[in-house]
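To keep things clear, I will list the structure first and then write my remarks on it.
The values are calculated or read from the model by the stated rules, or taken from the named source; none is laboratory data. Since we're looking at a predicted model, the values are computed, not measured. Note that each Cβ is placed from the backbone with ideal geometry, even for glycine, and that neighbours are counted across all protein chains shown. Areas reflect the complete protein model, heavy atoms only, side chains present, ligands, DNA and RNA absent. Shrake-Rupley method; radii C 1.70, N 1.55, O 1.52, S 1.80 Å.
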Amino acid sequence: MWNSKRVFEYEGMIAETVGITGHDGKPIRAYYSRPLGIDSFPGIVLIPHMPGWDEWCRETSRRFTAHGYAVVCPNIYEEYGDGTPAEVSQKAMKDGGVADKDVMGDVDASLRFLRSQANANGKAGVIGMCSGGRHTFLAAATLKGVDAAVDCWGGSVIVPPERLSPKQPVAPVDLADGISCPLLGIFGNEDKFPTPEEVNALEAVLKEKGKDYEFHRYDGAGHGFWYYDRPMYRQEQAMDSWNKVLDFFDKHLKGT
């Protein structure tokens, strides 16, 4: 929980950009943060959102690390070159986005990187916001070694056939049978992408298939209500849902 640490408790971390082997064996950059002073700890893959591999993702990685997690945030936009996060993500958008198979390759590589560290406790989760939330659902449904997943307002999980594309050839909801880990969903009731109706439909599918899931929906909040650098930020809803995410990961990755 937020502000639950004893004030005399030691706290330290290392955070840096590293190189890992991503999809199709290609080198990519990743932001890697991990705690100091802890013998072993679980891992989290933070999938970047469409605003890019940005400062918010790095700060969020460190926030999880402050609560006892090693975090890898892979640059899923590596092939679009250098520039500011906005410039690079705009290149990706003009190109129709990053291919699902490539993102899943980068996430799988990040999970393997986390598990290969000497201080890993053997557990790893995935979280993403916006397009990263959609990718999180895909990861939970298609990748091995995901012990817990958090979808934060992921849009286009339910997609009509006419909106599919070569880079996004399958609606993630159609892969829901493959989900074998607990799934947490965080949504704003004023969101337009996904709409509350789409969240209802997704929940109905998960319930019908007997999946281990829990959804939390917030009045007075729309899309991206964790983004404290934007007008969409909603302090009360953000902090309540942050605590729910930390509790969820603690339960399934730390066993507390």
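Looking at (1) open to solvent by less than 70 Å² (accessible area, probe 1.4 Å); (2) closer than 18 Å to A109 by Cα, find the lone condition where P51 falls short.
The single condition P51 does not satisfy is (2).
What are the residues in segment 1-48 that are assigned to a loop (DSSP other than H, G, I, E, B), surrounded by 12 or more Cβ atoms within 10 Å (Cβ to Cβ) and of a type in the set (K, R), if any?
The answer is K5, K26.
For segment 62-94, enumerate the residues that are within 23 Å of M104 (Cβ to Cβ) and either of a type in the set (G, A, S) or open to solvent by less than 10 Å² (accessible area, probe 1.4 Å) (or both).
F64, Y69, A70, V71, V72, C73, P74, I76, Y77, G81, S89, A92
Which count do you get for residues in segment 95-108 that are within 15 Å of the chain's Cα centre (by Cα), of a type in the set (A, V, I, L, M, F, W, C) and surrounded by fewer than 21 Cβ atoms within 10 Å (Cβ to Cβ)?
1
Among (1) in contact with a Pro (Cβ under 6 Å, 6 or more places away or on another chain); (2) closer than 24 Å to M1 by Cβ, which single condition is F137 missing?
Here F137 clears every test but (2).
Name the one entry in G52, G25, G43 that is farther than 23 Å from G224 by Cβ and in contact with a Phe, Trp or Tyr (Cβ under 7 Å, 6 or more places away or on another chain).
Matching residue, one of G52, G25, G43: G43.
Using the structure shown, decide if K207 is more than 29 Å from A70 (Cα to Cα) and part of a helix (DSSP H, G or I).
So K207 passes the test.
Is it the case that some residue within segment 201-208 is at pLDDT 95 or above, buried (at least 21 other Cβ atoms within 10 Å of the Cβ) and in contact with a helix residue (DSSP H, G or I) (Cβ under 7 Å, 6 or more places away or on another chain)?
yes
Limited to segment 161-182, what total is found for residues that are under 20 Å from the mean Cα position of the chain (by Cα), closer than 20 Å to A99 by Cα and hydroxyl-bearing (S, T, Y)?
The number of residues fulfilling the criteria is 0.
Sort out which residues of segment 209-256 are polar (S, T, N, Q) and modelled with pLDDT of 95 or more, and write them in order of number.
The answer is Q235, Q237, S241, N243.
For segment 233-244, does any single residue satisfy the condition of being closer than 30 Å to D95 by Cα, assigned to a loop (DSSP other than H, G, I, E, B) and without any contact (Cβ under 8 Å) to a residue 40 or more places away in the chain?
Yes, segment 233-244 has at least one match.
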